[in-house]
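Chemist: Provided herewith is a single structure, encoded as structure tokens, for subsequent inquiry.
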Amino acid sequence: MKAVYTERHRSHDPQFFLVRGVVKRTTEQPERADRLLAGLNAGKHQLIEPTLFGQGPRARVHSAEYLSFLDEAWEAWSALGDSGAEMIANMHPVRNAATYPTHIVGRLGWHTVDTGCPIGPGTFAAACAATDVATTAAQMVLDGEDAVYALCRPPGHHAYRDLAGGFCFLNNSAIAAAHLRLKHERVAILDVDVHHGNGTQGIFYERPDVLTVSIHADPAFYYPYVWGYAHERGAGAGLGANFNIPLPLKTGDDGYLQALDVAAKRIKAFAPGALVVALGLDASEHDPLAGLAVTTPGFKRIGVALAQIGLPTVLVQEGGYLSDILGQNLTAVLAGFEEAR
Ligand SMILES: [Zn+2]
């Protein structure tokens, strides 16, 4: 399978991560991409450099105000003079009867849903590079490739139209889906990351043309806590086009594959022209974020099941954190996918 990758992710090297009141080093580190790359090399997948698409694909999904904020953020923050090494908001305003702020500290709060998305000097450049990776993979599928993998870093599925959160700034999977919509009337996104794809859900919540399906650890016990429940089914014209499958913590291979079977049936019933897989690998039994318990052979079975949905597919990397088998799990998913096609 062809795989799109760029070194430009390295300019985003966040440090801050607040866990139950304790500051730690973030798990979303550049080394993740090195391990994923090792997994691609082990599978002998061909690496492709992304095409530069400019702002167009990003602007289909994100607001102009938000993109301007991300572009201007670091310079405005640095100009404050007594600011920290990373941008982390000290306020997250609810927006009821609120006014869009002009001060960078206010804008930072406005556009971040949590403290899990620190912005540094190279964050916007890396996030933009990741959208080019996703868009390039989508374009290759539009041009006739059966399936393409996009090694996106930073990940994207927690990012809303105008909100960063949970390590995510620009929603690579949503951008890939919007690009596929240029040709296909209906597109489905299947999110297999251990966390609910809340940003993706939010972006398409009122749209009938993009089905969003997410399988994840039950948010009653796990991030993002306030989204990802089964009763969230879409709204307005999009009612019925959002489908959440929360799983009990520590669900293993068999339980996961059963959920994937339910998701596949739902996607086939929607009859989309193409599929985006939001491919988190953090459902692993060895992932440091410890939500579910999928094994490496389980990831291969997931790859088989994704292939059997039978659609042109863009696989977009989401989460999956440092463990000894992160790369092997990617190799396993892609091997299962290719064997079943
Ligand atoms: Zn995740």
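Chemist: Being open to solvent by 30 Å² or more (accessible area, probe 1.4 Å) and under 30 Å from residue 183 (Cβ atoms) is the filter; apply it to the stretch 213-234 and report the residue that is farthest from the ligand (Cβ to nearest atom).
Modeler: Of everything passing the filter in the stretch 213-234, 233 is farthest from the ligand (Cβ to nearest atom).
Chemist: Oh, and also: Check off (1) open to solvent by less than 40 Å² (accessible area, probe 1.4 Å); (2) on the phi < 0 side of the Ramachandran plot; (3) within 16 Å of the ligand (Cβ to nearest atom); (4) under 19 Å from the mean Cα position of the chain (by Cα) for residue 251 and give me the number that stays unchecked.
Modeler: (4)
Chemist: So, residue 276, is that one modelled with pLDDT of 95 or more, of a type in the set (A, V, I, L, M) and open to solvent by less than 40 Å² (accessible area, probe 1.4 Å) or not? Full working, then the answer.
Modeler: Values: modelled with pLDDT of 95 or more: yes; of a type in the set (A, V, I, L, M): yes; open to solvent by less than 40 Å² (accessible area, probe 1.4 Å): yes.
It is true that residue 276 is modelled with pLDDT of 95 or more, of a type in the set (A, V, I, L, M) and open to solvent by less than 40 Å² (accessible area, probe 1.4 Å).
Chemist: OK, next. Return the residues of the stretch 282-329 that are in contact with a strand residue (DSSP E or B) (Cβ under 8 Å, 6 or more places away or on another chain), of a type in the set (A, V, I, L, M), within 16 Å of the ligand (Cβ to nearest atom) and touching a residue at least 60 places away in the same chain (Cβ under 8 Å); say none if nothing qualifies.
Modeler: Selection gives 283, 292, 302, 315, 316, 326.
Chemist: Taking the stretch 167-212 as the search range and keeping residues that are without any contact (Cβ under 8 Å) to a residue 60 or more places away in the chain, crowded, with 24+ Cβ neighbours inside 10 Å and over 19 Å from residue 59 (Cβ atoms), which one is nearest to the ligand (Cβ to nearest atom)?
Modeler: 196
Chemist: OK, next. Out of the stretch 327-341, which residues are of a type outside the set (S, T, N, Q) and surrounded by fewer than 24 Cβ atoms within 10 Å (Cβ to Cβ)?
Modeler: If we filter the stretch 327-341 for residues that are of a type outside the set (S, T, N, Q), which is where we start, we get 327, 330, 332-341.
Passing the criteria: 327, 335, 336, 338, 339, 340, 341.
Chemist: For the stretch 41-78, which residues satisfy the criterion of being within 17 Å of residue 127 (Cβ to Cβ), part of a helix (DSSP H, G or I) and open to solvent by 70 Å² or more (accessible area, probe 1.4 Å)?
Modeler: Result: 64, 65, 71, 72, 75.
Chemist: In the stretch 152-166, is there at least one residue being surrounded by fewer than 24 Cβ atoms within 10 Å (Cβ to Cβ), more than 21 Å from residue 117 (Cβ to Cβ) and out of contact with any Pro (no Cβ under 7 Å at 6 or more places or on another chain)?
Modeler: no
Chemist: Across the stretch 114-150, which residue is most open to solvent (accessible area, probe 1.4 Å) among those that are of a type in the set (S, T, N, Q) and assigned to a helix (DSSP H, G or I)?
Modeler: Going through the qualifying residues, I end up with 139.
The values are calculated or read from the model by the stated rules, or taken from the named source; none is laboratory data. These numbers come from a predicted model, not from an experiment. Reconstructed Cβ throughout: ideal geometry from the backbone, glycine too, with neighbour counts over all protein chains shown. These area figures cover heavy atoms from the full protein model, side chains too; ligands, DNA and RNA do not enter into them. Shrake-Rupley method; radii C 1.70, N 1.55, O 1.52, S 1.80 Å.
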